[in-house]
Amino acid sequence: MVNGTLGTMANGSILPIYGDGVVASTLGTTPRITSLLIKPVSAVCNLDCTYCFYLDRETDPYQALSRRAMQEETLERLIDSFLFYSYPNSVFAFQGGEPTLAGLPFFRRVVELQKEHGRNGQNVSNAIQTNGMLIDEEWCALFREYRWLVGLSLDGPEEIHDLHRVNKSGHSTWKRVMESLRLMQREKVDFNVLCVLSKANVGRAKELYRFFTGLGVDNIQYIPLSEFDGDGNPLRYTITAAEYGQFLCETFDLWWPQRRKIRIRTFDNIAEALAGQKPGTCTMHETCDSYVVVEYNGDVYPCDFFVEKDWRLGNIEIDSWTEIARKQRRYAFARKKALAHSECEVCEWQAMCHGGCPKSRYAMNRRFEDLDYFCEAYRMMFRKSVPPLREDVKKILGREVSLPQVHSISPY
Ligand code: SF4
Ligand code: SF4
């Protein structure tokens, strides 16, 4: 268990699940917001991927609004206030929908504002996730000059990618994405590939690995699809936990001899945890509080999967970052991850996994207390990868490496 006082604060008072108040400052240090996931055009996108959970969500608070684009005043307030709050390390990530629809001038302004409002000694990093449809030389010049990390969505070879990733007319997008990939390679842009695992490609681990590495891609992130209908039945492209686990184990075997040259995010994250660092993925954190989402109008939410009215934390035009960080709703959401299922409480991987991702627990039956849909995959992956990675990390660090410990003290 992460927290022995589930649902109850350290002073014994019960927090409401939903509430607008802030947590009293007498309760100790507030967990900081370490990075922002900014949606400059909200969920608006120029593609119509068949598996996209973001398009036409009933719970999307902004669905009825036709124009959704961040205004300059909101952007300036966002950058100025967050640079101040997060000094000296400020992490900005842009996502959508498709964030490049905000236009290149918007992103040039992002950099100008960061230069204008940043202070001496401030480290600023920027990342953007794109479907690659609009990337050209001018975008590449900005990304290269200011060392943005670009995530490019590509699901594999043409026939796999085009099965789901189609434009608004239902036409293929693979060739255009490949143009962007080649361009970014030529223009020396730092990028990784984000590959969504659906029924179309989860059984083809070797083919995917060879395809990406054959293109010269050395940084790959696999995202498993798990979407359900209103009755909790998996949608047709949703993969099973066993399929995902098998995919990861096969990929691990392919990757292991090349592990110093190729980055696979999942395995990097396990190595980070073994080395005693905080893993890069929130799924492996103890609580859900490392980043927040900022919508186009300045509204703030605790997670990309919970941009919903009931989880709104505030708005940057009204609330300071310190106030947002202390919102009771943020605490209530962060704590969801600590609602350990009875299987997690006795699981040998609990200190690595922390019960998985609340989104994957909640998705089927709308219950945060359920077991993560991908639990079986995590177990397969840990069983396969932890022993060799542990030896490897031990060699690199020159000291004994033990599994992380489950902490008994939590700010929640
Ligand atoms: S619900 Fe899942 S994706 Fe959201 S912050 Fe928690 S672990 Fe991360
Ligand atoms: S592997 Fe499964 S049982 Fe173990 S902590 Fe993760 S979700 Fe829970």
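Things to note:
- Qualifying residue in the range 45-58 (condition: in contact with a Gly (Cβ under 7 Å, 6 or more places away or on another chain), closer than 21 Å to PHE305 by Cα, crowded, with 20+ Cβ neighbours inside 10 Å and in contact (Cβ under 8 Å) with a residue 60 or more places away in the chain): yes
- When the helices (runs of 4 or more DSSP H) confined to the range 143-252 are screened for residues that are aliphatic (A, V, I, L, M), those reaching at least 3 such residues are found at 174-186.
- Residue satisfying all of: in the range 337-346; within 27 Å of ASP268 (Cβ to Cβ) and surrounded by fewer than 19 Cβ atoms within 10 Å (Cβ to Cβ); nearest to ligand 2 (Cβ to nearest atom) among these: GLU343
- Checklist (1) under 30 Å from GLU317 (Cβ atoms); (2) modelled with pLDDT under 95 applied to ASP299, failing item: (2)
- Failed item in (1) touching a residue at least 12 places away in the same chain (Cβ under 8 Å); (2) more than 25 Å from ILE262 (Cα to Cα), with VAL217 passing the rest: (2)
Conditions tested, residue by residue: (1) in contact (Cβ under 8 Å) with a residue 60 or more places away in the chain; (2) in contact with a strand residue (DSSP E or B) (Cβ under 8 Å, 6 or more places away or on another chain); (3) closer than 21 Å to LYS188 by Cβ.
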{"position": "GLN122", "(1), (2), (3)": "no, yes, no"}
{"position": "LEU134", "(1), (2), (3)": "yes, no, yes"}
{"position": "TRP139", "(1), (2), (3)": "no, no, yes"}
{"position": "TYR146", "(1), (2), (3)": "no, yes, yes"}
{"position": "SER153", "(1), (2), (3)": "no, yes, yes"}
{"position": "PRO157", "(1), (2), (3)": "no, no, no"}
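- In the range 343-358, the residues that are touching a residue at least 40 places away in the same chain (Cβ under 8 Å) form Cβ pairs under 6 Å with partners that are polar (S, T, N, Q) and within 16 Å of ligand 1 (Cβ to nearest atom), at six or more places apart or across chains, as follows: CYS357/THR283.
- Only one of the numbered conditions (1) touching a Cys at 6+ places or on another chain (Cβ under 9 Å); (2) buried (at least 23 other Cβ atoms within 10 Å of the Cβ); (3) within 16 Å of TYR301 (Cβ to Cβ) is violated by LYS327, and that is (1).
- Selection status of GLU250, more than 15 Å from the chain's Cα centre (by Cα), surrounded by fewer than 22 Cβ atoms within 10 Å (Cβ to Cβ) and free of Cβ contacts under 8 Å to residues at least 24 places away in the same chain: no
- Against the numbered list (1) surrounded by fewer than 17 Cβ atoms within 10 Å (Cβ to Cβ); (2) over 28 Å from MET364 (Cβ atoms), THR173 comes up short only at (1).
- Count - residues of the range 355-388 that are assigned to a loop (DSSP other than H, G, I, E, B) and more than 11 Å from ligand 2 (Cβ to nearest atom): 4
- Residue check, PRO99 surrounded by 13 or more Cβ atoms within 10 Å (Cβ to Cβ) and either within 27 Å of ASP60 (Cα to Cα) or at pLDDT 95 or above (or both): yes
- Scan of the range 59-87 for residues that are surrounded by fewer than 19 Cβ atoms within 10 Å (Cβ to Cβ), hydrophobic (A, V, I, L, M, F, W, C) and closer than 18 Å to ARG109 by Cβ, ordered by number: ALA69
- Test: residue in the range 305-316 that is within 16 Å of ligand 2 (Cβ to nearest atom), of a type in the set (Asp, Glu) and either surrounded by 18 or more Cβ atoms within 10 Å (Cβ to Cβ) or more than 17 Å from the chain's Cα centre (by Cα) (or both): no
- Subset of the range 326-373 that is of a type in the set (Phe, Trp, Tyr) and more than 11 Å from ligand 1 (Cβ to nearest atom) - its residue that is nearest to GLU243 (Cα to Cα): TYR373
- Selection count where residues are of a type in the set (Asp, Glu), assigned to a helix (DSSP H, G or I) and under 22 Å from the mean Cα position of the chain (by Cα), scope the range 62-115: 0
- Any chance LYS394 is basic (Lys, Arg), closer than 23 Å to ASN269 by Cα and away from ligand 2 (no atom under 14 Å from the Cβ): yes
- In the set SER125, SER153, SER169, SER180, only one residue is more than 30 Å from PHE82 (Cβ to Cβ) and polar (S, T, N, Q); that residue is SER169.
The values are calculated or read from the model by the stated rules, or taken from the named source; none is laboratory data. All figures in this text were calculated on a predicted structure; none of them were measured in a lab. Ideal geometry is used to build each Cβ from the backbone, glycine not excepted, and the neighbour counts take in all protein chains shown.
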